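Only one structure is covered here, and it is reproduced in the block below.
The values are calculated or read from the model by the stated rules, or taken from the named source; none is laboratory data. Keep in mind that what you see is a predicted model, and the values were worked out from it rather than measured. Reconstructed Cβ throughout: ideal geometry from the backbone, glycine too, with neighbour counts over all protein chains shown. Accessible surface areas use protein heavy atoms only, side chains included; no ligands, DNA or RNA. Shrake-Rupley method; radii C 1.70, N 1.55, O 1.52, S 1.80 Å.
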Amino acid sequence: IMIFEMRTGFSEGLMEMAVAKAFGIPLETVQTASMLTGDIGETASILKAKGKEAISKLGFQVFRPIKPMMALMANDVNEVLKETGGPIAFEYKLDGARIQIHKRDNEVRVYSRRLTDVTESFPEIIDLVRREVKARQAILEGEVIALSKDRASPLLFQHLMRRFRRVHEIDQMTEKIPVELQLFDILYFDGESLIGMPYSQRREKLG
């Protein structure tokens, strides 16, 4: 502390608990609002300025990235089955990066896991979504994976990072390190929030 090198962490989860206690509202309400705004600071500001009713009216807004749901570690498959207590889906996890895609008409934007706008780095993803996603408005989640130049095999994560936030020589980089999109969830579809819908139904809607 005396030499100013000690770093004291304060997690966002603790901040959400503090905001819930300060304004006397359920923690779950604050967590949902924080997810929708992508910023616990903005959530607290809305509460202070407009009160609890304003928080309950929050919803998805295309081009306002939302905080992604994070996975929890499990020791084995039996623990996962016991925790869920119902139907479950398993998928391969390749060495890629999570992205969030927002679409309104012909405009498409891509956000990283940290909610950074990385649209300019992935022109081929933008073109693909414009062609294949028929919804007028949508918020999708997926994984982007770097491929070898011949597209025969996936590359390691560090190769993919050469594509993120790149704004120069994009055409050359798309040829050198092509990427593949694997969508796994749809959260918003033509004005309708789908987060209350069972995942099996969202996956079916995703097609």
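Selection over segment 70-111 of residues that are within 22 Å of Asp39 (Cβ to Cβ) and without any contact (Cβ under 8 Å) to a residue 12 or more places away in the chain gives a count of 2. Against the conditions (1) at pLDDT below 95; (2) in a strand (DSSP E or B), Arg109 satisfies every one except (1). Scanning segment 112-126 for residues that are touching a strand residue (DSSP E or B) at 6+ places or on another chain (Cβ under 8 Å) and either basic (Lys, Arg) or outside any strand (DSSP E or B) (or both) turns up Arg113, Leu115, Val118, Thr119, Ser121, Phe122, Glu124, Ile125, Ile126. Could you go through segment 24-33 and let me know if any residue there is in contact with an Asp or Glu (Cβ under 7 Å, 6 or more places away or on another chain) and over 27 Å from Ala138 (Cα atoms). So far as segment 24-33 goes, yes, one or more of its residues are in contact with an Asp or Glu (Cβ under 7 Å, 6 or more places away or on another chain) and over 27 Å from Ala138 (Cα atoms).
Restricting the search to segment 30-68, which residues are of a type in the set (S, T, N, Q), surrounded by fewer than 19 Cβ atoms within 10 Å (Cβ to Cβ) and in a helix (DSSP H, G or I)? Answer for segment 30-68, where residues must be of a type in the set (S, T, N, Q), surrounded by fewer than 19 Cβ atoms within 10 Å (Cβ to Cβ) and in a helix (DSSP H, G or I): Thr32, Ser45, Ser56.
Take Arg114 and tell me if it is without any contact (Cβ under 8 Å) to a residue 24 or more places away in the chain and under 24 Å from Gly207 (Cα atoms). Let's see the steps before the verdict.
Working: without any contact (Cβ under 8 Å) to a residue 24 or more places away in the chain: yes; under 24 Å from Gly207 (Cα atoms): no.
When the stated conditions are applied, Arg114 does not pass them.
Scanning segment 171-207 for residues that are farther than 27 Å from Ser121 by Cα and of a type in the set (A, V, I, L, M, F, W, C) returns Leu194, Ile195, Met197.
Of all residues in segment 175-207, count the ones that are part of a helix (DSSP H, G or I), open to solvent by less than 50 Å² (accessible area, probe 1.4 Å) and at pLDDT 90 or above.
Quick first cut of segment 175-207, residues part of a helix (DSSP H, G or I) only: 175-176, 199-206.
Right, trim to open to solvent by less than 50 Å² (accessible area, probe 1.4 Å) and you get 202, 206.
Now drop any that are not at pLDDT 90 or above, which leaves 202.
Residues flagged as part of a helix (DSSP H, G or I), open to solvent by less than 50 Å² (accessible area, probe 1.4 Å) and at pLDDT 90 or above within segment 175-207 amount to 1.
In summary, Pro68 fulfils each of the numbered conditions (1) more than 24 Å from Arg202 (Cβ to Cβ); (2) at pLDDT below 95 with the single exception of condition (1).
For segment 135-166, what are the residues that are open to solvent by 70 Å² or more (accessible area, probe 1.4 Å) and either in a strand (DSSP E or B) or on the phi > 0 side of the Ramachandran plot (or both)? Across segment 135-166, the qualifying residues are Arg151, Pro154, Arg165. If you go through segment 74-96 one residue at a time, do you hit one that is more than 18 Å from Leu181 (Cα to Cα), under 16 Å from the mean Cα position of the chain (by Cα) and open to solvent by less than 50 Å² (accessible area, probe 1.4 Å)? No, segment 74-96 contains no residue that is more than 18 Å from Leu181 (Cα to Cα), under 16 Å from the mean Cα position of the chain (by Cα) and open to solvent by less than 50 Å² (accessible area, probe 1.4 Å). Scanning segment 163-200 for residues that are more than 23 Å from Arg104 (Cβ to Cβ), hydroxyl-bearing (Ser, Thr, Tyr) and touching a Phe, Trp or Tyr at 6+ places or on another chain (Cβ under 9 Å) yields a count of 1. Can you find a residue in segment 106-113 that is in contact with a Leu (Cβ under 8 Å, 6 or more places away or on another chain), surrounded by 10 or more Cβ atoms within 10 Å (Cβ to Cβ) and not small (Gly, Ala, Ser)? No; the residues of segment 106-113 include none that is in contact with a Leu (Cβ under 8 Å, 6 or more places away or on another chain), surrounded by 10 or more Cβ atoms within 10 Å (Cβ to Cβ) and not small (Gly, Ala, Ser).
Contact map, segment 4-31: residues that are of a type in the set (Phe, Trp, Tyr) paired with residues that are open to solvent by 60 Å² or more (accessible area, probe 1.4 Å), Cβ distance under 9 Å, separation 6+ or inter-chain. Pairs shown: Phe23/Lys48; Phe23/Lys52.
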